[in-house]
Structures are given as structure tokens and as C-alpha cells.
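*Asks:* Before I ask anything, here is the structure I am working with.
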């Protein structure tokens, strides 16, 4: 779900009003949400499934999932390399 401009403005206002421990709580909430997203992304993949992802240096890697970790996938690429990839960067091939 994407936030509207109005919602983002309200959020910005609340963050600007926050002090000390409030900011720490906000940061923890964001980290918790990011972890949840990472867990959900990894749960979509299975060992043996073919996936694709883009390398930092450019180019696309197609490979087979060897292991599904909590947030990452271990993938054997078509280039005979084993990659550890954040699951949210992968797509089913």
C-alpha cells in the first residue's frame, strides 16, 4: 500500500513533533516493518525454484534457489557462481 501525499504530510508533522524516546520508538517501528517485509519476500520462494535478479554491475542472473534463509536466498546462478541475494530483489523466473 502506498501512502497518499496527505498521509505523508501528517507523518512528517508527527515525526517533527517527536522528541527523544519517541524518535527511538518510531525508528524501531520502521525497522520492524522492514524485517516483516523481508520475511514475507523470502517466504514466497522454495528450494529448487528458478529466480532472476540484477547484479550491481549490471546484467541479469538466472539461477536456482539452493536455500531459503530468513531474509535472503542462496542462489546458484547460470554463471556457476553461488549468490546470497536479498529475497525482495528476486523474481520468479
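*Asks:* May I ask you to list pairs of residues, at least six apart or on different chains, whose Cβ atoms are under 8 Å apart, with the first in the range 29-42 being without any contact (Cβ under 8 Å) to a residue 40 or more places away in the chain and the second being surrounded by 12 or more Cβ atoms within 10 Å (Cβ to Cβ) and outside any helix (DSSP H, G or I)?
*Replies:* 35/71; 39/71
*Asks:* Filter the range 56-81 down to residues that are part of a strand (DSSP E or B) and touching a helix residue (DSSP H, G or I) at 6+ places or on another chain (Cβ under 8 Å) and give me whichever is nearest to residue 93 (Cα to Cα).
*Replies:* 73
*Asks:* Any chance the range 42-55 includes a residue that's exposed (fewer than 13 other Cβ atoms within 10 Å of the Cβ) and assigned to a helix (DSSP H, G or I)?
*Replies:* There is at least one residue in the range 42-55 that is exposed (fewer than 13 other Cβ atoms within 10 Å of the Cβ) and assigned to a helix (DSSP H, G or I).
Rule-based calculations on the coordinates, nothing more; no lab input. Please read all numbers here as calculations on a predicted model, not as lab measurements. Cβ atoms come from the backbone with ideal geometry, glycine included; neighbour counts cover every protein chain shown.
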